[in-house]
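Some notes on the structure that comes next.
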Amino acid sequence: MSGNILIKEMTFQYMSMIDPLFNKVNLNINENWKLGLLGRNGRGKTTFFKILLNQLEYEGTIQSALNFKYFPLYPSVQEDLTALEILRKHNPNIEIWQIERELAFMELSQDLLYKSFHNLSGGEQTKLLLIELFLDDSSFPLIDEPTNNLDLHGRQIVGKYLQNKNGFIVISHDESFLNQFVDHILAINKESIDLISGNVDTWKYEKANADEFAQEKNSKLKAEINRLHDVSRQVGKWGLKRENSTKDAAERRLAAKQMKRAKAIKKRTEEMIEEKRNLLQNSENIVELNMKVEQPRKSVLFFRNFTILREGRPLFEPIDIDMYPNDRFFIEGKNGAGKTTLLNFILGKEKLETTGAYHINLPEKLSIMNQNKQMEISYKSFLNGFSSKEKEEYWHLLHQLGIKRSRFSDLSSNNWSAGEQKIALLAQSLLGEKALLVWDEVTNYLDMMVINQLIDAIKGNLPTMIGVDHNENYVNEIATNKIKLIPY
């Protein structure tokens with residue numbers, strides 16, 4: 001039991017919050033589980049990690065002898081360390097053959113061991129930091145969003161790597177990735193935390209049944225609340241009428257007693273109403289997402305035997321593309337294959353040397369999302385650029401995407417999670433009528449429910465779309481055409 005994580009009556013609340021983020025949580029987590037931590041954006045997944053790491057003060061107790069270690073922890077720019085130095089920084093006694101074995105599992109070349117860590121690609125850095133994490137047998141890994149720098153092939157490699165490890169908790173919104181290895185799910189709901197045995201598919205099945213039951217129960221509770229409201233009003237009217245119906249002193253004393261009794265009944269009734277109202281809160285209310293779509297009038301893209309040149313050398317093997325209105329075209333390939341470069345070329349952001357024939361005809365009404373935009377623009381800057389009508393539409397979209405209305409007044413958005421910040425960008429990209437969506441890694445940081453909202457909205461409204469995304473389930477659900485870039 002000493003190696004497990006035993007949580008008793010744990011409560012935590014940020015100063016800026018009205019209600020606790022966690023309220024009297026009780027959990028017993030086995031040290032050997034491959035545990036997936038799920039929850040909507042802003043529900044407290046990373047906060048849960050910070051509590052385990054003893055970085056936040058909380059009420060209750062957490063008993064564990066485990067040495068928690070957080071991922072990712074990147075070295076500072078001032079630390080010009082090689083990959084090998086990173087791996088040995090906290091594991092000085094590790095043998096080189098052990099390192100080479102882990103590199104092979106991650107499909108990494110041994111040559112990168114002697115390269116500067118900061119010169120490695122994002123995917124290589126992610127894989128290397130995960131190796132460093134598991135080389136330390138004394139640590140219990142807390143892995144936060146490991147897929148953000150990984151392409152589809154990289155996610156499959158890391159998923160297989162984690163399948164062969166034991167004892168960790170991982171936060172991810174990529175269900176295909178999680179289904180490769182998790183054996184338990186910890187889900188942070190609106191008013192409860194569920195711990196189940198199984199993978200994401202198991203959790204989704206059980207949650208669907210629970211939500212259906214909750215909706216039936218909610219309907220009965222609402223009817224009971226309405227009935228109790230009627231009782232409360234009738235009792236109040238009866239007591240008041242009885243008290244005012246006579247001027248006789250004895251009769252008025254009796255009426256006063258009856259009025260007191262009526263008030264007691266009303267108070268108990270109102271307490272019952274509040275108790276039943278609290279039972280309504282746990283079911284998720286996922287609404288249909290507003291998406292205003294206008295179709296382009298002409299062919300959007302035409303490429304024949306086309307490639308981009310870097311220093312006279314082809315970036316990827318020549319490609320052919322025909323894209324028409326109503327197509328949802330996705331560009332695939334490993335990290336570094338040129339996906340974002342091709343997107344930037346299509347958008348006219350870069351003038352590059354090319355070979356082959358091409359014609360690009362983009363409509364005026366574009367929705368553009370890229371990987372860097374989230375860091376450049378804030379919620380406050382969005383609001384400052386909106387009219388009153390646009391603000392109302394924007395706030396409505398935020399609420400549809402799961403952001404609490406109490407967040408709207410937090411202009412600094414300093415306490416917003418990465419997922420909530422991504423939703424702020426997504427809502428801005430959905431404002432108004434769009435003829436073409438050009439979205440690069442839109443699903444990064446978004447929770448599964450928002451991703452499913454997007455899938456349903458895209459299927460329902462059929463926008464014309466150019467996309468790059470490594471969430472396998474999302475792409476397979478909405479793509480009409482795909483092309484894979486192969487490095488030359």
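Residues in the stretch 335-356 that are in contact (Cβ under 8 Å) with a residue 12 or more places away in the chain and either over 26 Å from residue 463 (Cα atoms) or of a type in the set (Phe, Trp, Tyr) (or both): 9 in all.
Got at least one residue in the stretch 415-422 being within 16 Å of residue 151 (Cβ to Cβ) and within 14 Å of the chain's Cα centre (by Cα)? It would help to see each step written out before you state the result.
Of the residues in the stretch 415-422, the ones within 16 Å of residue 151 (Cβ to Cβ) are none.
The answer is no, given that none of the residues of the stretch 415-422 is within 16 Å of residue 151 (Cβ to Cβ) and within 14 Å of the chain's Cα centre (by Cα).
In the set (1) over 25 Å from the mean Cα position of the chain (by Cα); (2) touching a residue at least 12 places away in the same chain (Cβ under 8 Å); (3) open to solvent by 60 Å² or more (accessible area, probe 1.4 Å); (4) over 30 Å from residue 443 (Cβ atoms), the condition left unmet by residue 24 is number (1). Screening the stretch 181-198 for residues that are over 18 Å from residue 44 (Cα atoms) and among the hydrophobic types (A, V, I, L, M, F, W, C) and picking the one that is surrounded by the fewest Cβ atoms within 10 Å (Cβ to Cβ) gives 196. Restricting attention to the stretch 1-21, the residues being open to solvent by 20 Å² or more (accessible area, probe 1.4 Å) and small (Gly, Ala, Ser) number 2.
Being open to solvent by less than 10 Å² (accessible area, probe 1.4 Å), within 24 Å of residue 340 (Cβ to Cβ) and either free of Cβ contacts under 8 Å to residues at least 60 places away in the same chain or over 17 Å from the mean Cα position of the chain (by Cα) (or both) holds for only one residue in 438, 450, 442, and it is 438.
Annotation: of all residues in the stretch 452-488 being more than 21 Å from residue 432 (Cβ to Cβ) and in a loop (DSSP other than H, G, I, E, B), the one that is modelled with the lowest pLDDT is 488. Residues in the stretch 317-336 that are among the basic types (Lys, Arg) and within 21 Å of residue 298 (Cβ to Cβ): 328 only. The residues of the stretch 156-179 that are open to solvent by less than 10 Å² (accessible area, probe 1.4 Å) and in contact with a Ser or Thr (Cβ under 8 Å, 6 or more places away or on another chain), listed by number, are 158, 171, 172, 174, 177, 178. For residue 29, the stated conditions do not hold, so it cannot be described as closer than 30 Å to residue 408 by Cβ, of a type in the set (A, V, I, L, M, F, W, C) and either at pLDDT below 95 or open to solvent by less than 50 Å² (accessible area, probe 1.4 Å) (or both). Checking each residue in the stretch 101-126 for being open to solvent by less than 20 Å² (accessible area, probe 1.4 Å) and either assigned to a helix (DSSP H, G or I) or of a type in the set (Val, Ile, Thr) (or both) picks out 102, 103, 112, 113, 117, 123, 126.
All of (1) over 24 Å from the mean Cα position of the chain (by Cα); (2) surrounded by fewer than 13 Cβ atoms within 10 Å (Cβ to Cβ); (3) more than 27 Å from residue 180 (Cβ to Cβ) hold for residue 67 with one exception: (3). Among the residues of the stretch 32-57, those that are in a helix (DSSP H, G or I) and either free of Cβ contacts under 8 Å to residues at least 40 places away in the same chain or under 25 Å from residue 408 (Cα atoms) (or both) comprise 45, 46, 47, 48, 50. Scanning the stretch 47-104 for residues being in contact with a Phe, Trp or Tyr (Cβ under 9 Å, 6 or more places away or on another chain) and polar (S, T, N, Q) gives a total of 6.
Against the test of being modelled with pLDDT of 65 or more and farther than 27 Å from residue 480 by Cα, the options 275, 311, 270, 294 yield a single qualifying residue, 311.
Only one of these is more than 30 Å from residue 485 (Cα to Cα) and of a type in the set (S, T, N, Q): 116, 64, 109. Name it. The unique qualifying residue is 64.
Just the residues that are open to solvent by 40 Å² or more (accessible area, probe 1.4 Å) and of a type in the set (S, T, N, Q), please, taken from the stretch 83-97.
Of everything in the stretch 83-97, just one residue is open to solvent by 40 Å² or more (accessible area, probe 1.4 Å) and of a type in the set (S, T, N, Q), namely 93.
If I filter the stretch 133-150 for residues that are open to solvent by less than 30 Å² (accessible area, probe 1.4 Å), farther than 28 Å from residue 339 by Cα, of a type in the set (A, V, I, L, M, F, W, C) and in a loop (DSSP other than H, G, I, E, B), do I get at least one hit? Checked against the condition, which is being open to solvent by less than 30 Å² (accessible area, probe 1.4 Å), farther than 28 Å from residue 339 by Cα, of a type in the set (A, V, I, L, M, F, W, C) and in a loop (DSSP other than H, G, I, E, B), the stretch 133-150 yields no hits at all. Within the stretch 20-49, the residues that satisfy the criterion of being closer than 20 Å to residue 404 by Cβ and out of contact with any Ser or Thr (no Cβ under 9 Å at 6 or more places or on another chain) are 39, 40, 48. Could you count how many residues in the stretch 70-100 are of a type outside the set (S, T, N, Q), in a loop (DSSP other than H, G, I, E, B) and under 33 Å from the mean Cα position of the chain (by Cα)? Going through the stretch 70-100 one residue at a time, the tally reaches 9.
Which ones in the stretch 383-434 are in a strand (DSSP E or B) and open to solvent by less than 60 Å² (accessible area, probe 1.4 Å)? Across the stretch 383-434, the qualifying residue is only 434. From the list 123, 167, the lone residue that is within 22 Å of the chain's Cα centre (by Cα) and small (Gly, Ala, Ser) is 123.
The values are calculated or read from the model by the stated rules, or taken from the named source; none is laboratory data. Small disclaimer: the values here were computed from a predicted structure and weren't measured. In this analysis, Cβ positions are derived from the backbone assuming ideal geometry, glycine residues included, and neighbour counts consider all displayed protein chains. SASA here: full protein model, heavy atoms, side chains in, ligands and nucleic acids out. Shrake-Rupley method; radii C 1.70, N 1.55, O 1.52, S 1.80 Å.
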